[in-house]
Structures are given as structure tokens and as C-alpha cells.
1. Could you list all residues from the stretch 93-105 that are more than 13 Å from the chain's Cα centre (by Cα) and surrounded by 13 or more Cβ atoms within 10 Å (Cβ to Cβ)?
2. Mind listing whichever residues of the stretch 59-92 are surrounded by 16 or more Cβ atoms within 10 Å (Cβ to Cβ), outside any loop (DSSP other than H, G, I, E, B) and free of Cβ contacts under 8 Å to residues at least 40 places away in the same chain?
3. Kindly indicate the residue of the stretch 33-58 that is among the small types (Gly, Ala, Ser) and at pLDDT below 90 and also surrounded by the most Cβ atoms within 10 Å (Cβ to Cβ) among those meeting that condition.
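The values are calculated or read from the model by the stated rules, or taken from the named source; none is laboratory data. Since the structure is predicted, the reported quantities are computational estimates derived from the model, not experimental observations. Because the Cβ atoms are built from the backbone with ideal geometry, glycine has one as well, and the counts that use them run over all protein chains shown.
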Amino acid sequence: MSLYRTAVWIDDHEAHVFRVEAESFAELIVHAAENPQREADAQLHPDDEQRFFAEVARRARGSDTLLILGPSNAKSHFRDYVKANASTLSFGIAGVETVAHSTDDQIVAFVREYFRPVYGQPARSR
């Protein structure tokens, strides 16, 4: 059985869901509702945010551990969504980290480093 972890890089507009294995990765992109004012009036549209988070969580199924990444408050809101729905989700949260807009390869490298002990390598001190 292949061992993998899932990382979600999320902001107010989209989420990149990475299934990261020791030697490979796969990425899915989930877009938030198309609304140019979304960030400014997100509090007025909680259903949009809940639908977005539900779809991101659905795409992360199959993992037992989720690392949440991103540059904005969306990562904290998604963490809260996962915690509130923990009884129906198959994964727990390994951590929440602030990571600016990065390339796919940079995110995957960050995830592999974060989960270094899982992939059979000793952890580096941070």
C-alpha cells in the first residue's frame, strides 16, 4: 500500500489539493464561487464558503492526515470547517502553516519536508 499525505493550499478564490507520495504527487484544483466581491463580503455569503470547503474536503478524502497551507485567513476558516465536521471526515489535521503563493514543486517539497518522518527519513530540526 502506498503511503501518502494530503496538503491543501487554500485562499479565498481556490484550493489546490495535493496528494503527496514519496516519489510522486497529484494535484486537483477547486475554485470558489465566481464572485469578484467574495473576499470583501464573504461574511454575507456563508453558504458559498461552506460549499467551497465541503468540496475541498471531499477532494481530500482518502487521506488520514491533512496539512492546511495558505497565505490568508481562508486556511484558518477551512481548519475550523474541518474541526466542525470531523465526525464525517476521514482525516485529521496535521498542521496549519502560512505559505505564500508558491509553485507546485515548492509546495510538494514543503509537504515532503513537513512529513519527513512519515516517508522514512529522520526529521530535520526546524
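1. Listed by number, the list holds a single entry, SER102.
2. Matches in the stretch 59-92: HIS77, ARG79, TYR81, VAL82.
3. Taking the stretch 33-58 as the starting set, the residues that turn out to be among the small types (Gly, Ala, Ser) are 33, 40, 42, 54, 57.
Filter once more, keeping what is at pLDDT below 90: 33, 40, 42.
Details: ALA33: 13, ALA40: 10, ALA42: 19.
Once the filter is applied, the top-ranked residue is ALA42.
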